[in-house]
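Trainee: This is the structure I want to talk about, given as structure tokens.
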Amino acid sequence: MSSLFSSALGKPSDVRVTGATLWFLPVQTRVPLKFGTETLTSVTCARVRLRLSGRDGRTAEGWGETPLSVQWVWPSPTPYTQRHEALKLFCELLTHAWANYADWGHPLELGHDFSELLLPRLREDFNASQLGDAMPWLAALVCDSAFDLALHDAYGQLHGVPTYDTYGPKYLNRDLADLLQPAAGSSVSFAGKFPADFLRPQRLERLRAWHLVGGLDPLTAADLRGDEPHDAYPVLLSDWIQRDGLKCLKIKLAGNNAAWDYARLLKVGQIAVAHGVEWLTADFNCTVREPAYVCEILDRLRDEQPRLFGMLLYVEQPFPYELAEHPLEVHCVSARKPLFLDESAHDWKLVRRGHELGWTGVALKTCKTQSGALLAACWAQAHGLTLMVQDLTNPMLAQIPHCLLAAHLPTIMGVETNAMQFYPAASAPEAQVHPGLYQRHAGEIDLASIQGPGLGYRLQEISRELPPPAASFGA
């Protein structure tokens with residue numbers, strides 16, 4: 001692979017990868033979570049350790065993790081087990097590719113180059129060797145994200161500083177003008193700009209937490225089916241609100257049944273008002289085919305339920321995420337409410353395309369790589385788009401960089417965080433060290449426990465026994 005940057009021009013702080021190890025951690029959901037036309041009842045988390053070497057010969061290791069949420073990254077009629085095994089196999093291939101990735105640089109530069117130059121070829125070759133549907137680009141990004149996160153963590157570990165302190169000119173070789181292009185005809189320039197210029201001067205220590213109201217979640221006692229779990233956690237929405245002091249609810253909708261969607265908004269909204277919730281958002285999960293569908297629901301809500309309409313802070317990704325195949329003009333929706341790209345926001349180039357089509361915000365996820373999320377955040381802010389950080393129901397280690405991203409960016413309102421709803425027990429070892437991250441209090445999460453170099457995992461304090469590695473290459 002040829003880098004976009006010559007290592008001869010690098011800084012003494014540059015690093016290269018020398019080894020990679022991959023684990024798979026199975027997690028069972030407490031209650032089902034519906035994604036579009038599919039339902040998630042279990043997930044495999046990919047956990048990665050990368051080893052780095054600096055130019056002075058010092059070494060360090062870093063960690064990254066992401067859920068391989070098959071139903072979200074790869075919606076398809078192909079059987080779940082086939083897609084699931086394909087994602088795991090692709091992670092194993094990435095372990096080898098990252099262990100043999102010999103370029104020098106800063107993690108943002110290395111991560112950018114890997115996803116621009118190598119990841120597309122790896123995916124193309126992988127799809128050519130597989131039967132059935134081609135693995136989508138979103139799925140490839142999610143598999144890659146654990147490696148990219150580990151790279152950013154290891155870099156901070158090597159230099160003994162928090163990773164977010166390394167996103168300025170002291171450590172980076174390239175400014176944003178080498179990595180981003182402004183919108184055509186705009187006055188934006190990235191020359192001499194770095195990600196640090198688009199981050200908060202100081203991270204927030206507490207964040208408003210968005211609770212996910214899934215399409216299968218029982219709202220009242222009348223919705224109970226009798227197969228709900230009997231444990232220490234709430235089941236009904238009102239109990240969640242009261243226990244966690246929730247102020248923000250994200251409502252999953254069907255996107256193909258306007259009557260059901262409107263009724264769901266109304267029912268959740270009534271519970272929200274009765275229990276002091278302040279903000280709502282609606283997630284149509286990529287199933288809407290025409291902007292008029294969303295506009296009609298919003299207009300009806302405005303006319304019939306003005307209070308609920310006022311509480312609706314933004315609308316999330318109603319339309320298919322393949323913007324090239326479905327380049328819908330969505331100004332009519334964004335004229336009514338802020339409209340956020342989520343599944344479509346693979347990278348800053350698609351954010352730019354969404355901006356052209358009328359989207360006004362972008363929902364960032366660390367599961368599309370830390371490098372990509374940072375670059376998309378910079379492009380979006382430079383062009384006046386609003387930011388949010390959305391969850392992939394991140395448990396265990398995956399929760400920590402997810403929350404850190406939101407704490408360092410000026411999001412529209414806090415962060416979505418819902419792993420404590422769907423698999424709270426999975427994160428028990430991590431919660432011993434970071435209790436404020438895995439349970440919401442007064443409607444917020446607390447990041448005070450995230451300390452130290454890298455991404456602040458404090459991994460040596462977390463008592464988690466890992467299974468045998470699925471793949472390991474390099475030193």
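Trainee: Here are L40, L89, L25, L110: which of them is hydrophobic (A, V, I, L, M, F, W, C), surrounded by fewer than 18 Cβ atoms within 10 Å (Cβ to Cβ) and either in a loop (DSSP other than H, G, I, E, B) or not assigned by TED's automatic domain parsing to the domain that holds Q370 (or both)?
Mentor: The match here is L89.
Trainee: Within the group R174, R123, R83, which residue is surrounded by fewer than 24 Cβ atoms within 10 Å (Cβ to Cβ), modelled with pLDDT of 95 or more and not in a helix (DSSP H, G or I)?
Mentor: R174
Trainee: Considering the range 265-301 alone, what residues qualify as being surrounded by fewer than 17 Cβ atoms within 10 Å (Cβ to Cβ), assigned to a helix (DSSP H, G or I) and either in contact with a Gly (Cβ under 9 Å, 6 or more places away or on another chain) or acidic (D, E) (or both)?
Mentor: Across the range 265-301, the qualifying residues are E296, D299.
Trainee: While we're looking at this one, here's another question. Of all residues in the range 449-467, which are more than 13 Å from T163 (Cβ to Cβ) and touching a residue at least 24 places away in the same chain (Cβ under 8 Å)?
Mentor: R458, L459, E461, I462, S463, R464, L466, P467
Trainee: Additional query: So for the range 100-107 (the condition being modelled with pLDDT under 95, assigned to a loop (DSSP other than H, G, I, E, B) and among the polar types (S, T, N, Q)), does at least one residue qualify?
Mentor: Checked the range 100-107: no residue is modelled with pLDDT under 95, assigned to a loop (DSSP other than H, G, I, E, B) and among the polar types (S, T, N, Q).
Trainee: Here is a further query. All but one of (1) part of a helix (DSSP H, G or I); (2) touching a residue at least 60 places away in the same chain (Cβ under 8 Å); (3) under 19 Å from the mean Cα position of the chain (by Cα) hold for M135; state the number of the condition that does not hold.
Mentor: The number of the failed condition is (1).
Trainee: I've got another one for you. Out of everything in the range 370-408 that is part of a loop (DSSP other than H, G, I, E, B) and within 20 Å of H211 (Cβ to Cβ), what residue ends up being farthest from the chain's Cα centre (by Cα)?
Mentor: Result: P395.
Trainee: Looking only at the range 320-343, count how many residues are in a loop (DSSP other than H, G, I, E, B) and touching a residue at least 40 places away in the same chain (Cβ under 8 Å).
Mentor: 5
Trainee: Still on this structure, I have one more. Taking the range 417-466 only, how many residues are small (G, A, S) and part of a helix (DSSP H, G or I)?
Mentor: Final tally of qualifying residues: 7.
Trainee: Quick check: is even one residue across the range 208-231 crowded, with 21+ Cβ neighbours inside 10 Å and either in the same structural domain as W74 (by TED's automatic domain parsing) or part of a helix (DSSP H, G or I) (or both)?
Mentor: No, that holds for no residue.
The values are calculated or read from the model by the stated rules, or taken from the named source; none is laboratory data. A quick note: this is a predicted structure, and the numbers were derived from the prediction, not measured. FYI the Cβ positions are ideal-geometry reconstructions off the backbone, even for glycines, and counts take in every protein chain you see.
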